[in-house]
Structures are given as structure tokens and as C-alpha cells.
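Worksheet: one structure, shown below.
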Amino acid sequence: MSKASKAAPLYQLQQLDAEIERVLAEYQAITAALRDDTALRQAIQAFEAAQQTLKQQQHILQAAEQELSSLEGRLKSHSDRLYSGALANPRELGALQQEIGHLRQLRSAQEDRVLEAMSATEAAQLQVTASSRTRERLEEARQQEQGTLRKRQQQAEARLSTLRQQRQQQAESIDSSLVQRYEQIRKLRGSKAVVLAEGGMCQGCRVALTASDAQRLRTGSDVITCGNCGRMLYLP
Ligand SMILES: [Zn+2]
């Protein structure tokens, strides 16, 4: 290694660290996506709510039909009495006819209620069918997605393990005090501890190097840090 590229191994270490960070973020995003079943849970809830509504509508319809049937029963017995000829008294006959007229009105209103309840039940049934399909579709999609995500998660894990090994080897090949300095600057300055010194400028803070720093960088035996931002300078 030439003296001018003393910071090169640190720069490579930093590239490995950046790649580790990138893959780690990807791994975490995959893990979060594997856990996130919000859409499916919502679809299951919607399906269960639709089933509940259908049940209620069916009860309402059943009750309305029972009431209609009871009205029809009463109408029939009144009509039977009317046409049996058993009643001869005109006042009683008149009262019976009036009662039959009243029951017919009630029956007509009840028929409307039954029709309404039937149509509401039908709508509820459609909702159950639709939400059941959505649920099935999401379940299928999630299964496929989980398969893909688990594969990607394994790949990311394998890549991370390789990168960490490479990183360890790289760090071990560098003077430990330099690695410590590198870590300290990373903590202070974020992910970039080693920056290029191109065009006589620190590319980390874009401040020009002093003439002596530039000279030391070209020929120097030590790792030079920027006088302004404190990052390590690398001249490729
Ligand atoms: Zn700088």
C-alpha cells in the first residue's frame, strides 16, 4: 500500500459499514412487513361484521313473516265466519266486515315490511359474499407475499452475516487506534467519517485544505483529518 492511500482501508471499512446499514434497514423493513397483517385483519373484521348484519336481517325478516302469517290467519278465520252464514245480526256483520277491512290494511302494511326485510336481507347476503371474497383474496395474497418476504429476509440475513465477517476482517487489518478514531468521528459526524479530498477540498464540508495538509495528504505517513470538520481525508 502506498503512503498516500493510508486512509484507503478506512474508506473501505466505511463502505462496508454503509452497506451493512443499508441491508440492515432492508431486513428491518421486511420484518415489519412480515408482521403487518393490518389489511387482512380488517378484511376479516369486515366479513364478520357482514355476517352479523345478515343474521340480524334474517331475524327481522323471520319476525316480519311470522307477523304476516298471523295476520293472514286472523283474516282467514274472520272471513270464514263472515261467509259461514252463522252471523245473522246486521250489527255484528257490520262489525266483522269492519274488522276484516282493518286486518286487510294491516296485512298490506305488513307485506311491505316483509318485502323491505327481504331486500335488506338480500343486500346483507351480497355484502357477506363480497367481503368473503375480499378476505379470501387477501389471504391468498398474504400467503404469497409471506413466502416472498421470508425468502428476501433469509437473503438479507445471509448478506448481513457475510458483510459483518468482511467488516470484522477489514477492521482487524487496520491499526486499532485508527479504527477507534474512525468510530469516534462516525459517532460525532454521522455515517461519514472518511471523506474524499478532491480538488484540494474536503468533500465532507467543502472547505479548502491548507497547503500543508494537502502536501501531507499527498506524501504523508499519517491519516490526515480535515481542520474544519474533523473527518478523515482520503485521496484516492
Ligand atoms: Zn471537512
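See the values below:
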{"quantity": "Arg181 being surrounded by 11 or more Cβ atoms within 10 Å (Cβ to Cβ), assigned to a helix (DSSP H, G or I) and touching a residue at least 60 places away in the same chain (Cβ under 8 Å)", "calculated": "no"}
{"quantity": "Output for region 123-163, where each listed residue is polar (S, T, N, Q) and under 25 Å from Glu26 (Cβ atoms)", "calculated": "Gln143, Gln144, Gln146, Thr148, Gln153, Gln154, Gln155, Ser161, Thr162"}
{"quantity": "Hits in region 1-59 (condition: farther than 30 Å from Arg216 by Cα and among the aromatic types (Phe, Trp, Tyr))", "calculated": "Tyr27, Phe47"}
{"quantity": "Residues (exposed (fewer than 15 other Cβ atoms within 10 Å of the Cβ) and either acidic (Asp, Glu) or in contact with a strand residue (DSSP E or B) (Cβ under 9 Å, 6 or more places away or on another chain) (or both)) located in region 38-68", "calculated": "Glu48"}
{"quantity": "Residue list for region 195-210, filter: within 11 Å of the ligand (Cβ to nearest atom) and not in a loop (DSSP other than H, G, I, E, B)", "calculated": "Val195, Leu196, Ala197, Met201, Cys202, Ala208"}
{"quantity": "Test: residue in region 211-229 that is over 16 Å from Ala7 (Cα atoms), away from the ligand (no atom under 12 Å from the Cβ) and either free of Cβ contacts under 8 Å to residues at least 60 places away in the same chain or surrounded by fewer than 15 Cβ atoms within 10 Å (Cβ to Cβ) (or both)", "calculated": "yes"}
{"quantity": "Residue, nearest to the ligand (Cβ to nearest atom), within region 157-185, restricted to residues that are charged (D, E, K, R), under 17 Å from Gln14 (Cβ atoms) and within 38 Å of the chain's Cα centre (by Cα)", "calculated": "Glu183"}
{"quantity": "Selection status of Arg216, of a type in the set (D, E, K, R) and over 19 Å from Ala18 (Cβ atoms)", "calculated": "yes"}
{"quantity": "Residue in region 146-156 that is in contact (Cβ under 8 Å) with a residue 24 or more places away in the chain and within 16 Å of the ligand (Cβ to nearest atom) present", "calculated": "no"}
{"quantity": "In region 96-128, the residues that are surrounded by 17 or more Cβ atoms within 10 Å (Cβ to Cβ) and among the aliphatic types (A, V, I, L, M)", "calculated": "Leu103, Val114, Ala117, Ala120, Ala124, Val128"}
{"quantity": "Checking Leu188 against (1) exposed (fewer than 12 other Cβ atoms within 10 Å of the Cβ); (2) within 11 Å of the ligand (Cβ to nearest atom), the condition it does not meet", "calculated": "(2)"}
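Here, each number is a calculation from the coordinates, and none is a lab measurement. Because the structure is predicted, anything quoted here is derived from the model rather than measured. Cβ atoms come from the backbone with ideal geometry, glycine included; neighbour counts cover every protein chain shown.
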